[in-house]
Amino acid sequence: MRFTTVLFDLDGTLMDTSPGIFASVRHALSAIGWPQSNQEKLNLFVGPPLKDCFRLACDMTDDEVIMQAAAIYREKYNEAGPPGSSPYPGMTEVLETLRSEGILLGVATLKPEPLAHEVLRYNGIEHYFDYIAGADFDGAKTKAMIIETCMDALGVSAEETVMVGDTPHDLEGARIARVPLIAVDWGFGFVRGYEGREDGVMAVARAASDIIPILNGSTGQSRP
């Protein structure tokens with residue numbers, strides 16, 4: 001295997017966290033008297049920074065309203081998030097295999113770091129990871145910064161690292177950090193059947209079971 005280190009996005013890549021996210025968004029919107037979002041808009045909340053989500057998905061423009069909604073969301077998510085999440089099928093087996101092969105594993109997520117730890121711990125997979133890097137609550141960290149923080153903590157270079165993610169945010173962050181991306185199409189960013197023709201995409205995984213063959217260079221899902 002060419003890479004010594006694999007970094008995973010969390011929401012929409014490692015885990016389906018959407019039930020807890022959607023419940024928390026609905027609660028926050030109801031609490032501030034804001035119109036509820038349809039499912040297409042709710043899907044935008046899986047992955048990107050929370051304040052950006054309220055701006056883009058709910059057409060909020062007032063920073064004070066956004067901060068209020070975000071605070072209510074986080075309070076609800078502390079309760080609903082961990083039980084409203086689960087690893088995608090086959091993902092635990094992928095982590096087991098990579099660990100057994102001595103690969104360093106990290107999480108690089110735009111979810112606030114304490115919440116990332118809590119969700120992973122609740123679902124029994126936190127122990128697979130050598131380092132977990134997340135956002136701060138004010139949303140100041142970019143995806144690239146989080147990827148670089150993870151690599152620095154693990155003591156590895158971009159040349160020996162690959163990122164696995166499901167959104168254009170993951171691709172942009174990986175490009176800036178100069179690591180290739182294995183895109184996955186089961187999450188909430190790249191659509192099913194995504195071909196991964198953009199620069200920086202190493203291959204596309206259609207299921208968790210594709211990840212290890214891609215890393216070994218023996219899958220039919222590689223970018224053409």
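Observations on the model:
- Where a residue in region 186-215 is closer than 18 Å to F3 by Cβ and its partner, wherever it lies, is among the basic types (K, R), with Cβ under 7 Å and at least six apart: G196/R223; G200/R175; V201/R223; M202/R223; A203/R223; V204/R223
- From P114, P35, residue being assigned by TED's automatic domain parsing to the domain that holds G187, without any contact (Cβ under 8 Å) to a residue 40 or more places away in the chain and not in a strand (DSSP E or B): P114
- Condition met for T97 (among the hydroxyl-bearing types (S, T, Y), in the same structural domain as G165 (by TED's automatic domain parsing), touching a residue at least 12 places away in the same chain (Cβ under 8 Å) and not in a helix (DSSP H, G or I)): no
- If you go through region 117-148 and keep only what is more than 20 Å from I211 (Cα to Cα) and assigned to a loop (DSSP other than H, G, I, E, B), you end up with N123, G124, D136, F137, D138, G139, A140, K141, T142.
- Answer from G47, G84 - the residue that is touching a Leu at 6+ places or on another chain (Cβ under 7 Å) and under 27 Å from R206 (Cβ atoms): G47
- For region 149-189, filtering for residues that are of a type in the set (D, E) and either closer than 26 Å to D16 by Cβ or in a loop (DSSP other than H, G, I, E, B) (or both) leaves 4.
- The residues in region 106-156 that are touching a Lys or Arg at 6+ places or on another chain (Cβ under 8 Å) and acidic (D, E) can be counted, and the count is 0.
- Residues being surrounded by fewer than 14 Cβ atoms within 10 Å (Cβ to Cβ) and either in contact (Cβ under 8 Å) with a residue 40 or more places away in the chain or not assigned by TED's automatic domain parsing to the domain that holds L29 (or both) - total across region 58-78: 0
- Of the residues in region 86-109, not one is at pLDDT below 95 and aliphatic (A, V, I, L, M).
- For region 38-67, a tally of residues being assigned to a loop (DSSP other than H, G, I, E, B) and of a type outside the set (V, I, T) returns 9.
The values are calculated or read from the model by the stated rules, or taken from the named source; none is laboratory data. Keep in mind that this is a model prediction, so the values were computed, not measured. No Cβ is skipped: glycine too gets one built from the backbone with ideal geometry, and neighbour counts run over all protein chains shown.
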